[in-house]
1. Could you please let me know if A:A27 is outside the structural domain of A:D132 (by TED's automatic domain parsing), among the hydrophobic types (A, V, I, L, M, F, W, C) and at pLDDT below 95?
2. Quick one: count up the residues across segment B:150-177 that are touching a residue at least 24 places away in the same chain (Cβ under 8 Å), surrounded by fewer than 23 Cβ atoms within 10 Å (Cβ to Cβ) and either under 27 Å from B:S71 (Cα atoms) or not aliphatic (A, V, I, L, M) (or both).
3. Please pick out the residue among B:E35, B:E66 that is within 14 Å of another protein chain (Cβ to nearest Cβ) and either outside any helix (DSSP H, G or I) or surrounded by 15 or more Cβ atoms within 10 Å (Cβ to Cβ) (or both).
4. Restricting segment B:139-151 to residues that are assigned to a helix (DSSP H, G or I) and within 13 Å of another protein chain (Cβ to nearest Cβ), which is farthest from B:S75 (Cα to Cα)?
5. Give segment B:77-132 a look and list any residue that's within 14 Å of chain A (Cβ to nearest Cβ) and among the acidic types (D, E), or say none.
6. Give the residues of segment A:179-228 that are outside any loop (DSSP other than H, G, I, E, B), within 10 Å of chain B (Cβ to nearest Cβ) and in contact with a helix residue (DSSP H, G or I) (Cβ under 6 Å, 6 or more places away or on another chain), sorted by residue number.
7. Would you call A:A79 among the hydrophobic types (A, V, I, L, M, F, W, C) and either without any contact (Cβ under 8 Å) to a residue 60 or more places away in the chain or surrounded by fewer than 21 Cβ atoms within 10 Å (Cβ to Cβ) (or both)?
8. Quick one: A:M186 ticks every box in (1) touching a Pro at 6+ places or on another chain (Cβ under 8 Å); (2) closer than 26 Å to A:F25 by Cβ bar one, so which box is it?
Number of protein chains: 2
Amino acid sequence: MVSKSQIKLITSLQQKKYRDKHGLFIAEGPKIIKELLNASFGLHSLFSTEDLGIVSEQFQQIEQEELQRISYLKSANTALAIFHMPKNKRTKKEGVIVALDAIRDPGNLGTIIRLCDWFGIEHLVCSWDTTDCYNPKVIQAAMGSTARVPVEYLDLAEYLGKSEMPVYGGCLNGDSVYDEQFPKDMIIVLGNEANGMSKTVLEKLSKKITIPQFGKIKETESLNVATATAILLSEIRRGN
Amino acid sequence: MVSKSQIKLITSLQQKKYRDKHGLFIAEGPKIIKELLNASFGLHSLFSTEDLGIVSEQFQQIEQEELQRISYLKSANTALAIFHMPKNKRTKKEGVIVALDAIRDPGNLGTIIRLCDWFGIEHLVCSWDTTDCYNPKVIQAAMGSTARVPVEYLDLAEYLGKSEMPVYGGCLNGDSVYDEQFPKDMIIVLGNEANGMSKTVLEKLSKKITIPQFGKIKETESLNVATATAILLSEIRRGN
């Protein structure tokens, strides 16, 4: 049985203000839950319709109907867990750092976290107005990569201004990414889906880079920010 | 005023069987509608809350409330149009052809159509069990690129078997894409989100290629099919 107070807590965690207040977030599905446990995320509660082989006082076996009632998904998976948010880690000062300016779509942020994981990016920094990485849609789109990619929210323009690393920005009017030799230590910035980067962030770029368009008709406005990130990270990693 | 029969038609076009029966599909938003008109898609009806500057007997100005009633979107845009599906074009036998095997997610298919447009891919072929490219979610995710990328549905294994072009496949166990010299004329196959390519399609590949994983911990299962397509098309175009 899921208690009324548990249902109330789980429902409240759909909103950022309650996630921040309680320091908790929701993950659904055995795969994602196991990856977060392996990465030492602290478990608060675990509800599942089957025995997941996870020995924990926090585990509670429930019926599918009950799970559907507390699930954020249209069709509930077999498990839902509440996790403690980890403490914010300190900013890295080496390697490749991905920086996001006002990314709003949870699916895009989740996909970018998954890409960072694939390309061995150990640090992702986000402007304060980027979607919350503990938004349930981000957690689901990241497919467990949340466990391996630390995300830090900060004043992006200030952070870039203080950094001693070169700051590359994915733009529509820069030099071709295919002609670029990227250094081992660098920051790559991606901007908002509709408006690109804010002016204060643009001013901090050392260099603008562009993914060339090959279509004959130049009406395609831009690439989706997640697919642009995929191409830029691939280009950075293939060379260094 | 939108008539009852118009509402009935629009509602029915959410389903593939009615799209096929009537040879019609829905597009929403002035930008997408104008791009389809520019690409000579035949207009059946156009409903808009504002004058779009489109001179047509099919145009009908309506109120926002009416538009919301016929819209497929949570928040209706300012315009909705019904278009005639174009006749299937003949298969190209040169250049780079993208082939999809059982892609199921409309967002992924729409993003791939947008990528084809960006990278100048003039022909996209899909297995019969790939999501319908006139699905409204595909039309919205493609953001107007539907106007410039012809899509053909066919028996994929048979098509690949008959083709004289080399057939590359995006797989998890192939040679690194970064070591590959791609020819000018080729087919690149991408498989289903969960299960990859079907056995009959796998047998037709001339070569398997892989996007190398750079993360230290090899638990990331795979890249999303749309981000993988982005990287593969970028690699193909940068070289040829």
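The values are calculated or read from the model by the stated rules, or taken from the named source; none is laboratory data. Keep in mind that this is a model prediction, so the values were computed, not measured. Please note: Cβ atoms are built from the backbone with ideal geometry, for glycine as well, and neighbour counts cover all protein chains shown.
1. Working: outside the structural domain of A:D132 (by TED's automatic domain parsing): yes; among the hydrophobic types (A, V, I, L, M, F, W, C): yes; at pLDDT below 95: no.
Against the criterion (outside the structural domain of A:D132 (by TED's automatic domain parsing), among the hydrophobic types (A, V, I, L, M, F, W, C) and at pLDDT below 95), A:A27 does not qualify.
2. Let us first name the residues in segment B:150-177 that are touching a residue at least 24 places away in the same chain (Cβ under 8 Å), namely B:150-157, B:159-161, B:163-177.
Still in the running and surrounded by fewer than 23 Cβ atoms within 10 Å (Cβ to Cβ): B:150, B:152-155, B:157, B:159, B:161, B:163-167, B:171-177.
In the following step, the residues that additionally are either under 27 Å from B:S71 (Cα atoms) or not aliphatic (A, V, I, L, M) (or both) were identified as B:150, B:152-153, B:155, B:159, B:161, B:163-164, B:166, B:171, B:173-176.
Residues in segment B:150-177 being touching a residue at least 24 places away in the same chain (Cβ under 8 Å), surrounded by fewer than 23 Cβ atoms within 10 Å (Cβ to Cβ) and either under 27 Å from B:S71 (Cα atoms) or not aliphatic (A, V, I, L, M) (or both): 14 in total.
3. B:E35
4. Pass one, segment B:139-151, residues assigned to a helix (DSSP H, G or I): B:139-142, B:145-147.
In the following step, the residues that additionally are within 13 Å of another protein chain (Cβ to nearest Cβ) were identified as B:140-142, B:145-147.
Working: B:Q140: 13, B:A141: 15, B:A142: 18, B:S145: 22, B:T146: 22, B:A147: 24 Å.
Filtering segment B:139-151 for residues that are assigned to a helix (DSSP H, G or I) and within 13 Å of another protein chain (Cβ to nearest Cβ), the one farthest from B:S75 (Cα to Cα) comes out as B:A147.
5. B:D105, B:D117, B:E122
6. The answer is A:A226, A:T227.
7. Values: among the hydrophobic types (A, V, I, L, M, F, W, C): yes; either without any contact (Cβ under 8 Å) to a residue 60 or more places away in the chain or surrounded by fewer than 21 Cβ atoms within 10 Å (Cβ to Cβ) (or both): yes.
Taking the combined requirement at face value, the residue satisfies it.
8. (2)
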